[in-house]
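Participant: The structure's right below; bear with me while I get my questions together.
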Amino acid sequence: MQYTRRNWLSAAGVAAMVYLAPMPASAAGLDGTSNLICSAIDVVACAEGSACTMGQAKNFDLPQFVVIDVEASVVRATKHSGIEETSPVKNMEVSGKQLILQGIENGRGWGISINGETGDMAASVVGDAVSFLVHGACTPI
């Protein structure tokens with residue numbers, strides 16, 4: 001199975017909210033009220049029938065930076081990446097100090113958890129025969 005940026009954006013498309021529920025206080029902008037830019041630092045990719053591989057986003061033809069656009073309720077790659085893909089956010093809420101985003105696209109489910117105090121990010125994409133785990137960081141823009 002080839003790992004491509006479309007797999008990442010389609011499944012993990014990283015994004016914003018449709019409905020905003022009251023949220024507890026966290027670091028300014030890391031609570032789902034501001035747009036965020038997130039950077040993929042480490043990626044683990046697994047395909048059915050083969051060993052998992054660890055590397056940087058570029059090793060899997062993935063964008064290093066994605067924007068969580070709160071107003072548009074989407075996750076999209078930054079323009080410099082040359083990628084036009086977006087993924088809608090189906091659910092967004094705060095649980096404790098974590099901002100949680102979830103979505104479904106192209107037969108894959110994705111989830112993103114952002115620490116509201118530090119900006120640390122963990123994202124997962126799970127589909128038929130392929131999965132990604134991404135660790136990184138987000139900051140308000």
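Here, each number is a calculation from the coordinates, and none is a lab measurement. Quantities reported herein were computed from a predicted structural model and do not represent experimental measurements. Every residue, glycine among them, receives a Cβ derived from its backbone with ideal geometry; neighbour counts consider all protein chains shown.
Participant: What ranking of CYS138, CYS52 emerges when the number of other C-beta atoms within 10 Å of each C-beta is taken as an exposure proxy, fewest first?
Facilitator: Numbers: CYS138 23, CYS52 11.
The fewest-first ordering by Cβ neighbours comes to CYS52, CYS138.
Participant: Sticking with this structure for a sec: Stokes-Einstein at 20 °C, 1.002 mPa s, Kirkwood radius from Cα pairs: D for region 35-141 in µm² s⁻¹? Walk me through the numbers before you get to the answer.
Facilitator: Details: Rh = 14.1 Å.
In µm²/s, the coefficient rounds to 152.
Participant: Let me ask you something else. Can you sort HIS135, HIS80 so the residue with the fewest Cβ neighbours within 10 Å comes first?
Facilitator: Values: HIS135 13, HIS80 9.
Ranked by crowding around the Cβ, least crowded first: HIS80, HIS135.
Participant: I'd like the FRET efficiency for ASP120 and LYS90, computed as 1/(1 + (r/R0)^6) with the beta carbon distance as r and R0 of 25 Å, rounded to 0.05. Please list the in-between numbers first.
Facilitator: Details: r = 23 Å, r/R0 = 0.91.
Calculated value: 0.65.
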